[in-house]
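The values are calculated or read from the model by the stated rules, or taken from the named source; none is laboratory data. Here the structure is a predicted model, which is why all the values come from computation and not from measurement. Ideal geometry is used to build each Cβ from the backbone, glycine not excepted, and the neighbour counts take in all protein chains shown. Keep in mind that these areas ignore ligands, DNA and RNA; they rest on the heavy atoms of the full protein, side chains included. Shrake-Rupley method; radii C 1.70, N 1.55, O 1.52, S 1.80 Å.
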Amino acid sequence: MTDPSLMTDPAGPPGPFRRSFWRSPVRGPWLTSVLGLMLLVSIPVMFATGLLSYAAYNPDLNPVNDTTPGKGLLGFYLFSWPTDPVWLYRVTQGTHVTLGLALVPILLFKLWSVLPKLFEWPPLRSPAHMLERLSLFLLVGGAVFEFATGILNIQTWYPFPASFYTLHFYGAWVFIAGFVVHVPLKTPTMVRALRSRGFWGELRTNLANTRPEPPDAGYLAPVAPGIPTISRRGVIAFAGAGSALIAALSVGQSLGGSLRKTALLAPHNQQVSGSTAGDFQVNNTARNAGIVASATGETWRLTIWNDSQPGRAPVVLSRADLLRMEQHSASLPIACVEGWSTDNQAWTGVRLRDLAALAGSDSPSSVLVTSLQHGGGFNKAALSAGQIMNQESLLALQVNGADLTLDHGFPARVIVPACPGVHNTKWVSTMTFRS
């Protein structure tokens, strides 16, 4: 039986609160369902890769890694982040950011398609309707918040009242709560709408033959449709082309190679710290970090502590001392939370596990690495036992056959396989091992 409210324009506040205000003849349950299906397939991938990105920071290892205190049960899935394959974080975070950017046009068109529901009158008709409205509020609010904060993070602009990581983490759970409630409630409507007309048939329907859905098809169908100015296939084409264009202009920052030149929307598309052959992107320059040449010159020393042996004297090494130790090489990328990554670089230095042994810790459980950098959210990081003991985890002294530049962490920096870029600490000053 048809809901009478779908056939009438009930009295209520004027303007957008009346169905007759919304006159677009292409707006309706079918178009909303098509756009919703695209998001239904993509959102779980984004959510999963976002959770993996948080896990990659090993937040349960040490308080300095955890930027979301009080997460409680929301951290139930956390595990010690692996170091193999070396490109793991590059792929998961690249997927998360590129997919998120590509979904922006789909999300905007989807929000446009459901605007009448946001002004529905009366706002609450029953407990079931109240649950639907609540899930819609969480879904729309959470989506706008997550996409907005994510895009600002990609642009390395942080006008937030708190840590981006904390806000984005909790925002993701609010959004997914609305998503989990909303999807089961609307799935029957979506299936019914998708079956009401064929997808390929709509793609063959031009503007002249575009007709509105009947008013009894659902609340989104117009009761007083205007003359169409775009077809449904036009809306889908605009949304799809926008997504494809954004993906094409950003994915190069993750894939690298010749495609890096096409990453025109990425702040790290071709940015390098100098013109030296073999140079590559940096996220934080020495100048921004407050690093001065005098602190990294002949007087620089690396201090290695063993926290499990309080009475043991620290090991103090100059850069010349480190160069006299056995040198090892590893071909590793740097991948950052903003979605950009470098191609594999040839790093040379001392294995972290050799430094642990030098400190008297043959089986370290963790190491706290501290930078010369003063302040900032990532001037120190804790690495796990697996990260320390991997043979490709280095305290790097050289890259691509030359000494590190100051922007790349001279005199010494950490490089660990599959580790988020900010935990590959630059300008290392102390390392504290724990057994």
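Looking at Ser318, Ser361, Ser308, can you tell me which residue is more than 31 Å from the chain's Cα centre (by Cα) and surrounded by 22 or more Cβ atoms within 10 Å (Cβ to Cβ)?
The conditions single out Ser361.
So Ser371 ticks every box in (1) touching a residue at least 24 places away in the same chain (Cβ under 8 Å); (2) crowded, with 23+ Cβ neighbours inside 10 Å but one. Which box is left unticked?
(2)
Ala193 - would you say it is in a helix (DSSP H, G or I), open to solvent by less than 50 Å² (accessible area, probe 1.4 Å) and at pLDDT 95 or above?
So Ala193 passes the test.
Take the residues in segment 70-84 that are touching a residue at least 40 places away in the same chain (Cβ under 8 Å) and open to solvent by 40 Å² or more (accessible area, probe 1.4 Å); name whichever of them is farthest from Gln387 (Cα to Cα).
Looking at residues that are touching a residue at least 40 places away in the same chain (Cβ under 8 Å) and open to solvent by 40 Å² or more (accessible area, probe 1.4 Å), I get Leu74.
Given the criterion at positive phi and out of contact with any strand residue (DSSP E or B) (no Cβ under 7 Å at 6 or more places or on another chain), identify the matching residue among Gly386, Gly375.
After applying the criteria, what remains is Gly375.
Out of the residues in segment 372-399 that are polar (S, T, N, Q) and modelled with pLDDT under 95, state the one that is nearest to Tyr89 (Cα to Cα).
The extreme case among them is Asn379.
Just checking: which of the helices (runs of 4 or more DSSP H) contained wholly in segment 96-182 hold 2 or more residues that are buried (at least 19 other Cβ atoms within 10 Å of the Cβ) and of a type in the set (Val, Ile, Thr)?
Output list reads 127-154.
Scan segment 264-310 for residues that are of a type in the set (A, V, I, L, M), within 25 Å of Thr342 (Cα to Cα) and modelled with pLDDT of 90 or more and jot them down.
Ala286, Ala289, Ile291
Looking at the structure I just gave you, is Arg324 of a type in the set (D, E, K, R) and surrounded by 15 or more Cβ atoms within 10 Å (Cβ to Cβ)?
It is false that Arg324 is of a type in the set (D, E, K, R) and surrounded by 15 or more Cβ atoms within 10 Å (Cβ to Cβ).
Would you pick out the residues in segment 327-344 that are part of a strand (DSSP E or B), at pLDDT below 95 and open to solvent by 20 Å² or more (accessible area, probe 1.4 Å)?
Passing the criteria: none in range.
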